[in-house]
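Peer 1: Encoded as structure tokens, here's the structure I'll be asking about.
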């Protein structure tokens, strides 16, 4: 039987983040975009100046803008106009999605799942969280998409720093022996939430997204004023795992609590609308971000 790792989880997270940061980093331009958008003094003109130095990213942004993902009328050829029309946050999300997808290589997580499956799941949670925010009439749809994209980034850290332990976590979870997070903590001393929060902080993601990465399986551990976005992604994660979208071991057996639904102003009917449209949203987003 494996024994519980006794080392301080904070130390383990720091060690893993230090190790992974040597070979898995966001492109410099993406870091600049995140920093610019998070600065309340920034303008669309400043963001346009950054994006214009990366023709591939500019092309990707226009492709997304002119797709069904945003549902805008007519075709747009101006990146500057796209930034003004979509807003800085939406452009930041496109840049992050384009960058993150490159880090999810097609290596095997465990039997039956690859890193690409994990990315598919993250895209699914992103688009589902965006729609849940809209259903709940919360003004955080763009933020919810980004938070969904990065919620399981900690598993990517595990894949790159402890691949054999990750395989054991997956196999144990498949056998129904504890939850994914419980098995992670038993076999490695930390779980993907702790690692995800660490890497999200290193990469300067918004604090709200850091909290999503760190608490999406346990939003109740946060204060009331910090957990709305976390709850949105929590529900999206469960729906996508139940629907079999990508890597599903983390929350396939979880249930959405009635209190969570009430806090988000969700009804069984609105939840069913979201559940029935995941396939369509995922197909649209996958064509753009895979």
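Peer 1: Among the numbered criteria (1) part of a helix (DSSP H, G or I); (2) at pLDDT below 90; (3) buried (at least 17 other Cβ atoms within 10 Å of the Cβ), which one does residue 128 miss?
Peer 2: (2) is the only condition that residue 128 fails.
Peer 1: If you scan the stretch 82-138, which residues turn out to be out of contact with any helix residue (DSSP H, G or I) (no Cβ under 8 Å at 6 or more places or on another chain) and under 26 Å from residue 37 (Cα atoms)?
Peer 2: Those that are out of contact with any helix residue (DSSP H, G or I) (no Cβ under 8 Å at 6 or more places or on another chain) and under 26 Å from residue 37 (Cα atoms): 102, 137.
Peer 1: Could you look through the stretch 79-106, keep only residues that are touching a residue at least 40 places away in the same chain (Cβ under 8 Å) and outside any helix (DSSP H, G or I), and pick out the one that is surrounded by the fewest Cβ atoms within 10 Å (Cβ to Cβ)?
Peer 2: By that ranking, first place goes to 87.
Peer 1: Sort out which residues of the stretch 180-229 are under 16 Å from the mean Cα position of the chain (by Cα) and at positive phi, and write them in order of number.
Peer 2: Matches in the stretch 180-229: 204 only.
Peer 1: While we're on this one: Collect the residues in the stretch 60-76 that are over 20 Å from the mean Cα position of the chain (by Cα), at pLDDT 85 or above and either surrounded by fewer than 16 Cβ atoms within 10 Å (Cβ to Cβ) or under 20 Å from residue 31 (Cβ atoms) (or both), keeping them in residue-number order.
Peer 2: Passing the criteria: 63, 66, 67.
Peer 1: Scan (1) in a helix (DSSP H, G or I); (2) touching a helix residue (DSSP H, G or I) at 6+ places or on another chain (Cβ under 7 Å); (3) at pLDDT 95 or above for the single condition residue 182 breaks and write down its number.
Peer 2: Of the numbered conditions (1) in a helix (DSSP H, G or I); (2) touching a helix residue (DSSP H, G or I) at 6+ places or on another chain (Cβ under 7 Å); (3) at pLDDT 95 or above, the odd one out for residue 182 is (2).
Peer 1: When you go through (1) farther than 28 Å from residue 93 by Cα; (2) modelled with pLDDT of 95 or more one by one for residue 245, which number turns out not to apply?
Peer 2: All conditions pass for residue 245, except number (1).
Peer 1: Residues in the stretch 153-166 that are surrounded by fewer than 19 Cβ atoms within 10 Å (Cβ to Cβ) and under 14 Å from residue 117 (Cβ atoms): how many?
Peer 2: So the count comes out to 0.
The values are calculated or read from the model by the stated rules, or taken from the named source; none is laboratory data. Worth saying up front: this structure is predicted, and the values here are computed from it rather than measured. Using ideal geometry, Cβ is built from the backbone for each residue, glycine included, and neighbour counts are taken over all protein chains shown.
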